[in-house]
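Structure record follows, encoded as structure tokens.
The values are calculated or read from the model by the stated rules, or taken from the named source; none is laboratory data. Since the model is a prediction, treat every value here as computed from it, not as a measurement. Every residue, glycine among them, receives a Cβ derived from its backbone with ideal geometry; neighbour counts consider all protein chains shown.
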Amino acid sequence: MEAKNETAHRRMPLIIAGIFLGLGLGGFVDGILLHQILQWHHMLSNIRPLKTVSNIDLNMVWDGLFHALDWVLTVVGVGLLWRAGGREDVPWSSNTFVGSLLIGAGLFNFVEGLIDHQILGIHHVKPGPNQLAWDLAFLLSGVLLVVVGWIMLQNSKIRQKLD
């Protein structure tokens with residue numbers, strides 16, 4: 001049992017780095033794809049619709065703050081990954097790293113979707129007809145990413161035991 005806990009403990013720096021990177025990258029995918037390319041919503045578009053120049057400006061500022069948070073999470077993840085890479089005791093595994101990225105991105109989707117779409121209602125994934133379906137699909141995508149990431153971490157742990 002002790003060796004099992006030690007292996008799990010040694011993987012933690014890589015897992016934490018991957019989760020932070022996943023959070024940041026998940027936010028960038030949301031912001032770039034949904035806010036900028038598709039223009040389905042902006043940070044405050046449900047409470048400050050893009051009907052006036054001042055509302056457009058306010059949404060642009062909040063989108064920028066959102067991207068600044070994504071950037072900070074990504075930089076923290078890169079820093080943690082750098083530190084993990086400098087440690088000889090951290091076992092490197094693509095499954096561990098990618099699984100952690102997926103967990104982070106899934107956590108981003110689920111938490112952001114729950115807070116911004118459901119609790120605060122400051123925006124929806126795609127407002128209008130079927131907006132609840134889009135919001136629920138976003139939450140479900142978060143859960144699915146976390147589950148797939150968790151499975152990858154478990155497979156990575158099994159492989160490390162076999163090696």
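The set of residues in the range 25-72 that are of a type outside the set (A, V, I, L, M) and not in a helix (DSSP H, G or I) comprises Q39, W40, H41, H42, S45, N46, R48, P49, K51, T52.
Do we find that K157 is surrounded by fewer than 20 Cβ atoms within 10 Å (Cβ to Cβ) and over 22 Å from I15 (Cα atoms) in this structure? For K157, the condition - surrounded by fewer than 20 Cβ atoms within 10 Å (Cβ to Cβ) and over 22 Å from I15 (Cα atoms) - is not met.
Comparison of V78, V72, V53, V90 shows that the only residue that is at pLDDT below 95 and either among the hydrophobic types (A, V, I, L, M, F, W, C) or closer than 20 Å to I122 by Cβ (or both) is V90.
Filter the range 111-163 for residues that are within 23 Å of F66 (Cα to Cα), out of contact with any helix residue (DSSP H, G or I) (no Cβ under 8 Å at 6 or more places or on another chain) and assigned to a helix (DSSP H, G or I) and give the result. Selection gives I115, D116, I119, Q131, L132, W134, L136, A137, L140.
Taken over the range 41-64, the criterion of being among the small types (G, A, S) and either buried (at least 17 other Cβ atoms within 10 Å of the Cβ) or at positive phi (or both) is satisfied by S45 alone. Contact map, the range 81-100: residues that are part of a helix (DSSP H, G or I) paired with residues that are hydroxyl-bearing (S, T, Y), Cβ distance under 8 Å, separation 6+ or inter-chain. Pairs shown: N95/S156; T96/S156; G99/S156. A residue that is at pLDDT 95 or above and on the phi > 0 side of the Ramachandran plot cannot be found anywhere in the range 94-109. Take the conditions over 20 Å from L21 (Cβ atoms) and in contact (Cβ under 8 Å) with a residue 24 or more places away in the chain and apply them to L139. Does it pass? Criteria met by L139.
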